[in-house]
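Contents: one structure, followed by commentary.
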Amino acid sequence: MKLLREHLQVLQATLRRLWLTPGASLLNMTIIGIALSLPVGAYVLLKSVQQLASSVAETPQISVFLDAGKRDPELRALKDRLEGNERIARVEFVSRDAALQQLQQSTGVSDMIGDLPHNPLPDTFIIYPKVTDTKAMEALYQELQSWKQFDHVQLDSAWIKKLDALLDLGRLTTAILATTLSLALIAITFNTIRLQILTRRDEIEVTKLIGASDSFIRRPFLYFGLLQGLTGGVVAWLLVSASLWLLNGSLANLTQLYASDFQLHPLTLPDSLALFAFSGYLGWLGAWFSVSQHLWQIEPR
Amino acid sequence: MIRFGQVYKRYPGGHEALQDVSFDIAKGEMVYLTGHSGAGKSTLLKLVAAIERPTSGSVLINGHNIRAIKREAIPALRRNIGLIFQDHKLLFDRSAFDNVLLPLQISGFDHREAAKRVRAALDKVGLLTREKANPIALSGGEQQRLCIARAIVSRPDILLADEPTGNLDADYSSEILNIFKSFHQVGVTLLISTHDQTVLQRFPARALHLDHGVLQQGASA
């Protein structure tokens, strides 16, 4: 009870101090907010793209395009043979007419197709393999390529792999960004607290003289760092959310043209809470470094 | 309550501030510390409050040896000592009330109980009507009394006063010494440093006289 009351008192005093210097406080929060919004924004972007990628390719497929002019019995025999392969889970046949219909339904190209003199599309087998790891997929792909009946075999996971590599790059970039800007946040807090300690030197000295423990003296500074980091996190959240809202507005126009419903997902509740916790923690950490660096230098004489 | 045994204090640079100082102050005693400026009065008070540590010898405060006391144990020791400074050391960023409240905040008092105690302390030094004033708006005598209120608000066993009447005229001095007397009557141990002989004449009590860091024997009033 006593400890809780002490902490509440410190919290109150810290809020008052933030309130008393609105200019400096606002500036610091904005700087921290902007610094944090960059990695957070990048994270949101990555997450949205990743979700798009995984929804497109839940399971990797191999498409097999056939020479034109195959007859039904021949096709059935091929399908049976494919289904007999122990590495293949399921085989789906898409006739060239069905493929054309599908294409006509999708936007943008229907007019073009109407003008074509004949159907340029081949019959296709879509093969869902039992195995999904890259090596086994590659082996199956090689095997299918050796079949003479097939005009062209395409491993549909290839572009996913490229996308994955790109996403990895993005993740790494975000991580580097997050690390450097976190360090910046710690540095900003470190300096703010250093200045505060210097300006409150007399107060620290007097409180030490009348019996304040180190933790009592440290507490308001730690709270200040925590609150500054936390509010910086809130600013970052607002910046990212506002940007997403704006971007999604114009993105909707763009994706409509591609008949996609791709959009940037807003920060989820757990993500938001994690952001607040992290920014608060970093502020606290910066304050802690600063306090342990500077406070012992102030001893009453 | 306060026991010095063959205490030496040498500052870096070789200045010998105290030499072989030994004395005893019993619980509830009121003692003056006299001597010219630079005789070591302030150093002696700093040893009692654990602001400095002795170079050799033992300083026992309420059973704690200052020479060996752990850094973490100092705050608890100081909470039992009321310090009154010549330069007051008041905080000008808050009201008189909040200045006196500070020691109670440090010991984690309930706010309502703390407010009661602060008003009692302010009343004792005659500043109850000035509780909202900023210390900078108070006169020298009032600032000194505010400093006393802050020193006594947590009801310490020991009061240390460094030249409490140093910059004050005679009327103010008497006022402050009357306040000290009243603490003495309720059993507080007081150690008051002064170079003002008239104080000793008007409010006689035992006196420790320092001369160039050496305690003069038999000096008492």
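The values are calculated or read from the model by the stated rules, or taken from the named source; none is laboratory data. The structure displayed is predicted, hence computed values, not measured ones. So basically every Cβ, Gly included, is an ideal-geometry build from the backbone, and we count neighbours across all protein chains shown.
Checking each residue in region A:210-219 for being buried (at least 20 other Cβ atoms within 10 Å of the Cβ) and either β-branched (Val, Ile, Thr) or part of a helix (DSSP H, G or I) (or both) picks out A:210, A:217, A:219. Of the numbered criteria (1) under 37 Å from the mean Cα position of the chain (by Cα); (2) modelled with pLDDT of 80 or more, the one residue A:109 fails is (2).
Based on this model, can you work out whether residue B:86 counts as more than 10 Å from chain A (Cβ to nearest Cβ), surrounded by fewer than 18 Cβ atoms within 10 Å (Cβ to Cβ), touching a residue at least 60 places away in the same chain (Cβ under 8 Å) and among the polar types (S, T, N, Q)? Answer is yes for this residue.
Per-residue answers, yes or no, for (1) touching a residue at least 24 places away in the same chain (Cβ under 8 Å); (2) crowded, with 19+ Cβ neighbours inside 10 Å; (3) of a type in the set (A, V, I, L, M, F, W, C):
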position: A:221; (1), (2), (3): yes, yes, yes
position: A:227; (1), (2), (3): yes, yes, yes
position: A:250; (1), (2), (3): no, no, no
position: A:268; (1), (2), (3): no, no, no
position: A:279; (1), (2), (3): yes, yes, no
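Restricting attention to region A:195-208 and to residues that are surrounded by fewer than 17 Cβ atoms within 10 Å (Cβ to Cβ) and in contact (Cβ under 8 Å) with a residue 60 or more places away in the chain, the residue that is nearest to residue B:87 (Cα to Cα) turns out to be A:205.
Residue B:96 falls short on exactly one of the conditions (1) within 21 Å of residue B:193 (Cα to Cα); (2) touching a Pro at 6+ places or on another chain (Cβ under 8 Å); (3) not hydroxyl-bearing (Ser, Thr, Tyr), and that condition is (1). Selection over region B:1-24 of residues that are surrounded by 17 or more Cβ atoms within 10 Å (Cβ to Cβ), within 11 Å of residue B:43 (Cα to Cα) and aromatic (Phe, Trp, Tyr) gives a count of 0.
Results for (1) modelled with pLDDT of 90 or more; (2) within 30 Å of residue B:71 (Cβ to Cβ), shown as yes or no for each residue.
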site: A:215; (1), (2): no, yes
site: A:224; (1), (2): yes, yes
site: A:227; (1), (2): yes, yes
site: A:230; (1), (2): yes, no
site: A:235; (1), (2): yes, no
site: A:238; (1), (2): yes, no
site: A:242; (1), (2): yes, no
site: A:248; (1), (2): no, no
site: A:252; (1), (2): no, no
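When the criteria are applied in full, residue B:123 meets the requirement of being of a type in the set (D, E, K, R) and part of a helix (DSSP H, G or I).
In region B:25-36, the qualifying residues are those that are of a type outside the set (A, V, I, L, M) and assigned to a strand (DSSP E or B), and the one that is surrounded by the most Cβ atoms within 10 Å (Cβ to Cβ) is B:32. The single condition among (1) at the interface with another protein chain (Cβ under 8 Å from one of its Cβ atoms); (2) in contact with a helix residue (DSSP H, G or I) (Cβ under 8 Å, 6 or more places away or on another chain) that residue B:92 does not satisfy is (1).
Please enumerate the residues belonging to region A:249-274 that are under 15 Å from residue A:46 (Cα atoms) and in a helix (DSSP H, G or I).
Restricting attention to region A:249-274, the residues satisfying the condition of being under 15 Å from residue A:46 (Cα atoms) are A:262-268, A:271.
Within region A:249-274, A:271 is the sole residue that qualifies.
Taken over region B:95-145, the criterion of being out of contact with any helix residue (DSSP H, G or I) (no Cβ under 7 Å at 6 or more places or on another chain) and β-branched (Val, Ile, Thr) is satisfied by B:129, B:136.
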